[in-house]
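The values are calculated or read from the model by the stated rules, or taken from the named source; none is laboratory data. From a predicted model like this one, the values you see are computed outputs, not experimental measurements. Here the Cβ positions follow ideal geometry from the backbone for every residue, glycine too, while neighbour counts run over all protein chains shown. These area figures cover heavy atoms from the full protein model, side chains too; ligands, DNA and RNA do not enter into them. Shrake-Rupley method; radii C 1.70, N 1.55, O 1.52, S 1.80 Å.
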Amino acid sequence: MNQSQLDALREALQFSPQNLPLRRMLADAYFQLARYEEALDEYKSALQLSADPDLKIKLAECYLQLSNYPTAHVIAEELLETNPSPQILFLLARISLASNDLQSANSYYKKATAQDHTLTQAEFESQLNQAIRESGQAQTSAFQEEIDRIEAEGSGLVEKPRVTFAEVGGLSAVKEEIALKVIHPINNPEIYKAFGKKIGGGILLYGPPGCGKTLLARATAGEIKANFISVGINDVLDMWMGNSEKNLHDLFQQARMNTPCVLFFDEVDALGASRTDLRKAAGRTLINQFLDELDGVKYSNEGILILGATNTPWYLDTAFRRPGRFDRIVFVTPPDAEARMDILKILMEDKPTEGIDYTHIAKQSDGYSGADLRALVDIAVEQKLPESLRLGKVLPLTTSDFKEALKKHRPTTKEWFATAKNYALYSNESGLYDDILKYLKLK
Ligand SMILES: Nc1ncnc2c1ncn2[C@@H]1O[C@H](COP(=O)(O)OP(=O)(O)OP(=O)(O)O)[C@@H](O)[C@H]1O
Ligand SMILES: [Mg+2]
C-alpha cells in the first residue's frame, strides 16, 4: 500500500470511525510498512471496537517490534489464558528471547512446536542457541535469580491468595477431600492428634484442561489463609539441569519458612515424567531429590500442603503415589449442569445483565469447562461492546448473547476424555482411574 492509498483509508475512517474492517486494514498496512507506532495506535482503536484476540496478537507484535517487551509479554500472557494457541506460545517465545529470558524462550518454544510442528524455525533456534552460548553457559537461570532475590528479600514467590472456595463453582467432592486433608486438621489439630493422624502429604489434582485445578489450589491457600507458592515445574527443570536440585531444595525451604503454606506444582507431570521418558540422567537425580523433599526426611514438612496439578497423570512416575507423597489423586471433573450455573454466576457477578436464564445456558453447555464458560462470557461481552459503544451506554448481557456465544465456542474437554479413556481402560493399575470410568459411565 502506498502513501496515497493510506491517506484515502485514513480519510474514509474519519467519516466512519467505528468501521472495524477499515480500521484493521489501516492498522495492518502500517504494520506491513514497519510503521509500528502508528500501527499500535490503530490496533488500540480497533480494540475499542472489538476484543478480537487476533487484534491483541497484533498489538503485542507491535510492542515487541517497539522493544516494549514487558507490555508485549503481559498482553501475550493474557491471551494465553483466554485464547491459548501454539501461535501465542511462539509469540511468547520470541518476546522472551528478545528480553533475554532464555529459559522461558526455550520452554515456550518447545511447547509451541510440540503443539504445532509447522512453527519449527531454524532461525529462531539458532538465535536462541547463540544467546545461550553468549550468556556464558548461563550459570544462573532466571529462576535461580528469583530464588536468590527471595532469599535476600524474604518474599516475592510467596503470596497470600484471597480467592476462596466460594469462587470455585461445583467440585464439592474435591473441596471436601481437600477440607478433610487440610482445612479440618488446621482448625481441629487436637482431634487429628488423638487419632494419630499426621497433617501433610500431598494431593494431586488431575483432569481435563480448564476445569479449575489451578484455581482450586489457590483457593485452598485462600481458604486457610495460608501462604501460597506456585511453581511451573518447567521453570525448575528446563535448561539448567545442573542447578535444578538446589532450586528444588530452596523451594521447599521457602515453604518450610512460611508455614502454613500451600506449595503448588503446576503441570507436575513434566517433573514426574515416567522414568523411561527422561532422557537425561540429571532427570533421575531430580526425581529422587523431589521424592526426598516430599518425604520430608531431613526436614519436616509439617504445615506444608503439597498440591500438584496435571492433565496427564499417566505420565507421572508411580513413586510419586506412595503414602506421604501424592497419596490422594483427585479427579477434577468438568462441571455438571448445576456447577456450570454456579460458575457462570461467579463469572457474571460484576457484569451488567438482564434476566439471564442460567438454567438454560447451563443445560446447553454440556462438556464445557470452566475456562470454556469464561470464553463464553468473553464472547458475549465482545458482542455487546460495539453496540454499547455506538449507543454510548451500557447494554446488559442477555440470554441470547450466550446463545450466540455457544455457537462460536465449542467445548474443549472431549478431546481429553478420548485419551483418558484409553488409559483408564487399558492401564488402570490399582483402580487409579476408576473415577474416569465412573464419570464415563463405563463402570
Ligand atoms: N470450577 C470453576 N469455578 C469457577 N471458575 C472456573 C472453574 N473452573 C475453571 N474456571 C475458570 O477457568 C479459568 C481456568 O481454570 P484453571 O486455570 O483453574 O484450570 P486448570 O484445570 O488449571 O486448567 P489447565 O489444566 O489448563 O491448567 C479459571 O481462572 C476460572 O476463571
Ligand atoms: Mg492449571
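Some points to look at:
- Net lengthening on full extension, Lys363/Val297 (0.36 nm per residue, minus Cα-Cα): 18.8 nm
- Over segment 3-138, accessible surface divided per residue gives 52 Å², non-protein components excluded, 1.4 Å probe.
- The listed peptides 21-27, 213-219, ordered by packing as a protection proxy, come out as 213-219, 21-27 (highest mean of other Cβ atoms within 10 Å first).
- Here Lys345 is the anchor, and the lysines within straight C-alpha reach of less than 17 Å, apart from those fewer than 8 places off in the same chain, are Lys363, Lys403.
- Exceeding the 31 Å Cα-Cα cut-off - candidates Lys44/Lys393; Lys213/Lys351; Lys111/Lys213; Lys407/Lys441; Lys110/Lys384: Lys110/Lys384
- Using the Cβ-Cβ distance between Asn428 and Glu176 with R0 set to 22 Å, the FRET efficiency works out to roughly 0.40.
- Legend: helices of the chain (whole DSSP H runs) are marked when their alpha-carbon atoms reach 24 angstrom or more along the helix axis and their mean Kyte-Doolittle hydropathy is at least -0.5; marked are 370-391.
- The 1.4 Å probe gives accessible areas that order Met1, Met341, largest first, as Met1, Met341.
- Peptides 411-418, 188-195 ordered by average Cβ neighbours within 10 Å, highest first: 411-418, 188-195
- Applying 1/(1 + (r/R0)^6) with R0 = 45 Å to the Cβ-Cβ distance of Thr164 and Ser135 gives a FRET efficiency near 0.60.
- Amide H to amide H distances under 5 Å link Arg328 with Gly202, Leu204, where only residues 5 or more positions off or on other chains count and H is placed in the peptide plane.
- Only protein heavy atoms count here; on that basis, with a 1.4 Å probe, Leu425 has an accessible area of about 80 Å².
- The chain, relative contact order [Cα under 8 Å, separation at least 6], %: 13 percent
- Apportionment of accessible area to carbon and sulfur, the chain, percent (1.4 Å): 50 percent
- Label point distance in nm, Gln3-Arg322, each placed 7 Å from Cα along Cα→Cβ: 7.6 nm
- Gln32 paired with Leu66, simple spin-label distance in nm, labels 7 Å along Cα-to-beta-carbon: 2.2 nm
- A simple count of charges around Asn2, restricted to other residues whose Cβ falls under 14 Å of its Cβ and scoring Lys, Arg +1 and Asp, Glu -1, yields +1.
- Taking Lys and Arg as +1 and Asp and Glu as -1, the other residues whose beta-carbon sits under 9 Å from that of Ala337 total -1.
- Along each principal axis, Cα extent of segment 312-443, largest first, Å: 61, 29, 21
- Tensor-based shape of the chain (alpha-carbon gyration tensor, a/c under 1.5 rounded, otherwise prolate or oblate): oblate
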